[in-house]
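Here the structure is laid out as C-alpha cells; the discussion comes afterwards.
No lab work stands behind these numbers, since they all come straight from the coordinates. It should be emphasised that the depicted structure is a prediction, and the values quoted were computed from it without experimental measurement. Reconstructed Cβ throughout: ideal geometry from the backbone, glycine too, with neighbour counts over all protein chains shown.
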C-alpha cells in the first residue's frame, strides 16, 4: 500500500507519501506546495492541484488521506481551508484514489497517543517512527506524514469500522482479552 497524506492549506499544503510493504514503512516523498499570499486564491488552488497531480502521477499512491477541517474562530480562514481541502480531495478522486478523512485529534491520538498533542510532539514522533534524519522544514509536512501514517494504522486494525465501546470489542474478540480468557477457563 502506498498512502499519500495531505495537510491542506492555501499558503502551505503539506504532503507525504509512505509505502507500507509487509509492515515495513518507507517515506517515498515529503514536501510542501507553497503559495504567496499576494497571489489570488484561484491561482493558489491551481498550484495545489498541479503539484499534487504531479506527485500522484509519479508515485501512484493507492490510498489518499487528508485532515478534516477543524472549527476555528475565524470563518474566513475556515472557508479558505475548505477550498484547499476540496482541491486536494478532488485531485485524488479524479485520479481514482480512494479517499479517507481523519480529524486532527484522531491523527494526534494515533501518532502520539494524545489527541491534544502539540505540533512539536507530532513532529518528534514522526521523525522517530519513520526514522527521518532531517527535520522537515514545515510542520505541514510532518502533519501530512502523520495523516498518512494514521491511515496505515487504521487500515491494519481488525474490522476497521469504528467500535462503539470496549464491550463490543470484547464481545467480538473474547480470545484477545486476558480477563475474558480467565473467565472462560474457570
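For the stretch 48-125, would you read off the P(r) tail past 16 Å as a percentage of all alpha carbon pairs?
Values: 1786 of 3003 pairs.
Cα-Cα pairs in the stretch 48-125 separated by more than 16 Å: 59 percent.
Computed on the stretch 1-54, the Cα convex hull volume stands at 61 Å³ per residue.
In plain terms, the residue of 93, 55 with the fewest other Cβ atoms within 10 Å comes first and the most crowded comes last, giving 93, 55.
Taken as Cα centroids, the stretch 1-24 and the stretch 125-148 sit 10 Å apart, rounded to the nearest whole angstrom. When each of 85, 34 is scored by the number of other beta-carbon atoms lying within 10 Å, the sequence from fewest to most is 34, 85. Relative to the current alpha-carbon distance between residue 171 and residue 93, full extension at 0.36 nm per residue lengthens the span by 24.4 nm.
Would you kindly calculate the translational diffusion coefficient of the stretch 107-160, applying Stokes-Einstein with the Kirkwood radius from alpha carbon pairs, for 37 °C and a viscosity of 0.692 mPa s, and quote it in µm² s⁻¹ without decimals? Please list the in-between numbers first.
Values: Rh = 11.2 Å.
My calculation gives 292 µm²/s for D.
Rg/Rh, computed from the Cα trace of the stretch 2-161 with Rh as the Kirkwood radius, has the value 0.94. Ordering 151, 83 by the number of other Cβ atoms within 10 Å of each residue's own Cβ, fewest first, gives 83, 151.
A protection proxy built from the mean count of other Cβ atoms within 10 Å ranks the segments 100-109, 22-31, most packed first, as 100-109, 22-31. Packing, taken as the mean count of other beta carbons within 10 Å per residue, orders the peptides 142-148, 43-49 from highest to lowest as 142-148, 43-49.
For the stretch 2-161, what relative contact order do you get, as a whole percent, if you take Cα pairs closer than 8 Å and at least 6 residues apart? Don't jump to the answer; show the numbers that get you there.
Details: 284 pairs, mean separation 49.8, N = 160.
Reported as a whole number, the value is 31 percent.
Each Cα pair under 8 Å and six or more residues apart adds its sequence gap; the mean of these over the residue count of the stretch 1-68 is a relative contact order of 41 percent.
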